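Nothing in this text is a laboratory measurement; each read-out follows from the coordinates by a stated rule. For clarity, every value in this text was computed on a predicted model and none was experimentally measured.
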Amino acid sequence: MRWLDRLRGRGGSTPAKMAVEDTPACAHITLVPRWDAPADMGDDSKASEWKCDACGAAFSPAEAQTLRATEAERLKNALRSD
């Protein structure tokens, strides 16, 4: 029952660990607003949080405003690195 031992992690050869790739940090270029009340929908100033469409990170309205202010520069950097 060597297969059962390998399944439980006992004996046999151990598989080589996979190399962890260096994944670049998300640039948070596409931010999607979220609202608490349906009546507020469509008004970006009433958004309760903003989510990055690429990585799913959530941001407060103040953080989103900062990210949106530097969006052009971050987009240029992202295109330059590709």
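For the reader, a short list of remarks on this structure follows.
- Computed lengthening from residue 54 to residue 30, 0.36 nm per intervening residue step minus Cα-Cα distance: 7.9 nm
- The stretch 35-82, relative contact order in percent, only Cα pairs under 8 angstrom and at least six apart counted: 21
- Full extension of the segment from residue 75 to residue 7, taken as 0.36 nm per residue of separation minus the current Cα-Cα distance, would add 19.9 nm.
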